[in-house]
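*Asks:* Structure below; questions to follow.
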Amino acid sequence: MPATAFTPRVFSGIQPSGGLTLGNYLGALKRFVDIQNDGKQECIYCLVDLHAITTWQEPDDLVRNTREAAAAFMASGIDPRRSILFNQSQVPEHTQLAWIFNCVARMGWMGRMTQWKDKAGKNAENASLGLFAYPALMAADILVYHATHVPVGEDQKQHLELTRDIAAKFNHDYKIDFFPITEPMIEGPATRVMSLRDGTKKMSKSDASDMSRINLSDDADTIALKFRKARTDAEPLPETYGELEERPEARNLIDIYAGLIGQSPDSVMTEVAGQGWGKFKPHLAEVAVETLAPITGEMSRLLGDLAEIDRILIDGAARAREVAAPVLARTYEIVGMISPR
Ligand code: AMP
Ligand code: TRP
């Protein structure tokens, strides 16, 4: 059977479970903007509030974080007229397809997810059922749009492999080439930004220490302080990137710098070789502030009109549903569910 040609379409999501970090910006948002501006593919970007509640969210915080994330997307350059921007819960087709995928995915597949193991920890008995099923909802987010490309950070690689497995098993079981086998886009120097306090841990919005991360909402002084206090070793920067292999904290700061200025880590090394931290860190902080200050400023301007943000998300959801509804209807039909024609 010849492979079906699917329209190139990009989908990605971010959880509004806290303020966004520099990791989200470099690993995801900045790339969402670049892909949109390339103009080659239709882009659908989603604030995945249903994923967020797989761990406890105070309702007021969830609303605020969702609006803040929407503002961060737009302030970073997502144009809600060119891309579709919305929050997940407004498009019920995601959860409807997720149920079908709950019945396609196997318990064993889900149990092997490292994010599940990390988040559920030793107390899996007490984790929500939603946290376990999380990757099936993520597969539904992507496949309900027949999305072909998904830009994410490195930590989502395994979930995207599972998405491919779910699509392949559905196609196999129902003997139809219906869902695309999605390509992950994990590219650039900063697909895995690490904590500023521990170079072996991912920078995360949920880390207990605020000093471990740069938040998109941090002001210039805070950014400078956090980079100044960032953990490093005592050695100056070497000639080549390869020499940073055993120096995770140093490598992380180089990756961040490379991500911010849009160059490869190798070419960055020719600029900074031989520098000590006393010179490099303030320069890094300056570059970070130059990039983030306009975004932070624009975010607070956008957050001055919450009704407008909500209106944009409602409009995005209506456009998303136009794409998702026929895919869901056809899925139901394939599965054998009676529905109006
Ligand atoms: P999350 O905040 O977990 O919803 O992640 C949203 C997007 O940001 C996903 O594509 C992640 O892979 C990406 N991301 C989150 N943290 C980092 C990080 N520390 N470095 C690079 N990408 C990240
Ligand atoms: N699981 C992703 C994360 O935590 C967020 C997400 C949900 C997502 N659905 C998605 C990312 C679909 C890409 C595509 O980062």
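*Asks:* Of all beta bridges DSSP finds with both residues in the chain, what is the antiparallel percent, to the nearest 5? Write out the running numbers ahead of the final one.
*Replies:* Working: 2 of 16 bridges.
Roughly 10 percent of the DSSP beta bridges within the chain come out antiparallel.
*Asks:* Let me know the shape class of the stretch 1-112, please: from the alpha-carbon gyration tensor, a ≥ b ≥ c as square roots of the eigenvalues, rounded when a/c is under 1.5, otherwise prolate if a/b is greater than b/c, or oblate. Don't skip to the end; give the middle numbers.
*Replies:* Numbers: a/c = 1.85, a/b = 1.07, b/c = 1.74.
Oblate, since a/c reaches 1.5 and b/c is not below a/b.
*Asks:* Taking the Cα centre of the stretch 210-301 as the origin and placing charges on Cβ (Lys, Arg +1; Asp, Glu -1), which of GLN263, PHE280, ILE223 is farthest toward the positive end of the dipole?
*Replies:* So the residue furthest toward the plus end is ILE223.
*Asks:* How many Å² of accessible area per residue for the chain, probe 1.4 Å?
*Replies:* Details: 15930 Å² over 341 residues.
In whole numbers, the chain has 47 Å² accessible per residue.
*Asks:* Continuing with the same structure: Just for the Cα atoms in the chain, what are the lengths along the principal axes, largest first, rounded to whole Å?
*Replies:* Largest to smallest, the principal-axis extents are 68, 43, 43 Å.
*Asks:* Give me the dipole magnitude in Debye, nearest 20, for the chain about the Cα centre, with unit charges on the beta carbon: positive for Lys and Arg, negative for Asp and Glu. Show your work: numbers first, answer last.
*Replies:* Numbers: 37 positive and 46 negative charges, 151 e Å.
The calculation lands at about 720 debye.
*Asks:* Which of the listed residues, ALA124, SER206, ALA69, is farthest toward the dipole's positive end in the chain, when Lys, Arg count +1 and Asp, Glu count -1 at the beta-carbon?
*Replies:* Toward the positive end, the furthest listed residue is ALA124.
*Asks:* Once you've got the GNM for the chain with C-alpha springs shorter than 10 Å, pick whichever of PHE132, PHE32, PHE86 has the biggest mean-square fluctuation.
*Replies:* Highest fluctuation of the listed residues: PHE132.
*Asks:* Which whole-Hz ³J(HN,Hα) couplings does the stretch 153-167 yield from phi under the Karplus relation 6.51 cos²θ - 1.76 cosθ + 1.60, θ = phi - 60°, glycine and proline marked x?
*Replies:* Values, residue by residue: x, 3, 5, 9, 4, 5, 5, 6, 5, 5, 4, 5, 5, 5, 4 Hz.
*Asks:* Using a Gaussian network for the chain with springs between C-alpha atoms less than 10 Å apart, which of these wobbles most: MET74, MET113, MET299?
*Replies:* Checking each option, the largest mean-square fluctuation is seen for MET113.
*Asks:* Need the C-alpha centroid separation for the stretch 31-102 versus the stretch 170-195, integer Å.
*Replies:* 17 Å
*Asks:* Explain nothing, just compute: Karplus ³J(HN,Hα) = 6.51 cos²θ - 1.76 cosθ + 1.60, θ = phi - 60°, for every residue of the stretch 179-189 in order, whole Hz, x for Gly and Pro.
*Replies:* 9, x, 8, 5, 8, x, 10, 10, 9, x, x
*Asks:* If you build a Gaussian network model of the chain, linking Cα atoms that sit under 10 Å apart, which residue out of ARG64, ARG106, ARG231 swings the most?
*Replies:* ARG106
*Asks:* Using the alpha-carbon atoms, what tilt in degrees (0 to 90, nearest 10) does helix 93-102 show relative to the longest principal axis of the chain?
*Replies:* That helix lies at roughly 80 degrees to the long axis.
*Asks:* Setting aside same-chain residues fewer than 8 positions from LYS117, which aspartates and glutamates have a Cα under 18 Å from its Cα?
*Replies:* Within the straight-line cut-off, LYS117 pairs with GLU125, GLU154, ASP155, GLU161, ASP207.
*Asks:* Could you pull out every one of the lysines with an alpha carbon less than 30 Å from that of LYS281, ignoring same-chain neighbours closer than 8 positions?
*Replies:* By straight Cα distance, LYS281 reaches LYS30, LYS201, LYS202, LYS205, LYS226, LYS229.
*Asks:* Now a separate question. Using the beta-carbon distance between THR200 and GLU235 and R0 = 25 Å, what value does 1/(1 + (r/R0)^6) give for FRET efficiency, to the nearest 0.05?
*Replies:* About 0.90, to the nearest 0.05.
*Asks:* I would also like to ask the following. Taking a ≥ b ≥ c as the square roots of the Cα gyration tensor eigenvalues, with a/c under 1.5 meaning rounded and otherwise prolate when a/b beats b/c, else oblate, which class fits the stretch 258-341? Kindly include the intermediate steps, with their values, before the conclusion.
*Replies:* Values: a/c = 6.35, a/b = 2.10, b/c = 3.02.
Oblate, since a/c reaches 1.5 and b/c is not below a/b.
*Asks:* What FRET efficiency comes out for the pair ALA329/LEU225, r = Cβ-Cβ distance, R0 = 41 Å, nearest 0.05?
*Replies:* Efficiency for this residue pair is about 0.15.
*Asks:* Also, I was wondering about something else. Taking amide H positions as placed in the peptide plane 1.01 Å from N, state which residues far from GLU42 in sequence (5 or more) or on other chains have amide H under 5 Å from it.
*Replies:* The answer is VAL10.
The values are calculated or read from the model by the stated rules, or taken from the named source; none is laboratory data. Computed from a predicted structure; not experimentally measured. Neighbour counts are summed over all protein chains in view; Cβ atoms, including those assigned to glycine, are modelled from backbone coordinates with ideal geometry. Accessible surface areas use protein heavy atoms only, side chains included; no ligands, DNA or RNA. Shrake-Rupley method; radii C 1.70, N 1.55, O 1.52, S 1.80 Å.
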